[in-house]
Amino acid sequence: MTATVLKTIWRSLVVTVPVTIVVVDCVGYVAKVEGMSMKPTFNLEDDKGSDIVLLSHWASRRFDIKRGQIVSIVSPREPNQLI
């Protein structure tokens with residue numbers, strides 16, 4: 001690869017990585033819903049696989065959570081697992 005290609009890649013990474021971090025931290029992110037605990041709302045068909053949802057950080061930061069909404073938290077026992 002030439003120096004100009006590497007510079008172009010570097011410039012795009014310098015912009016893309018911080019923007020992605022801010023969006024995931026402030027706005028939200030896409031997550032898979034798996035398991036039996038969310039039936040019948042999600043994962044209606046067993047053979048279909050998992051459903052995909054958008055987890056929003058805005059509502060939780062403003063404490064604007066209402067009855068009936070789905071909340072995802074980090075497991076106290078398994079820090080790498082969302083429940």
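The values are calculated or read from the model by the stated rules, or taken from the named source; none is laboratory data. Because the structure is predicted, anything quoted here is derived from the model rather than measured. All Cβ positions, glycine included, derive from the backbone under ideal geometry; neighbour counts span all protein chains shown. When the accessible area is computed, the model is the full protein with side chains, heavy atoms only, and any ligands, DNA or RNA have been set aside. Shrake-Rupley method; radii C 1.70, N 1.55, O 1.52, S 1.80 Å.
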Solvent-accessible heavy-atom area per residue, rounded to whole Å², over the chain at 1.4 Å: 89
Helical contribution to [θ] at 222 nm, DSSP H n ≥ 4, -39,500 (n - 2.57), averaged over the chain, rounded to 500: -9000 deg cm²/dmol
Calculated from backbone phi, Karplus (6.51, -1.76, 1.60) coupling profile of the range 6-16 in Hz, x at Gly/Pro: 5, 5, 5, 4, 4, 4, 5, 5, 4, 8, 5
Per-selection Rg to Rh, the chain - Cα, Kirkwood hydrodynamic radius: 1.15
Inter-site label distance for LYS39 and VAL24 at 7 Å from Cα along Cβ, in nm: 3.2
Residue-by-residue Karplus 3J(HN,Hα) for the range 18-26, coefficients 6.51, -1.76, 1.60, Hz, glycine and proline x: x, 5, 4, 4, 5, 5, 5, 6, 9
With every protein chain in place, the range 1-62: carbon and sulfur % of accessible area (1.4 Å): 68
Relative contact order for the chain, counting Cα pairs under 8 Å that sit 6 or more residues apart, in percent: 21
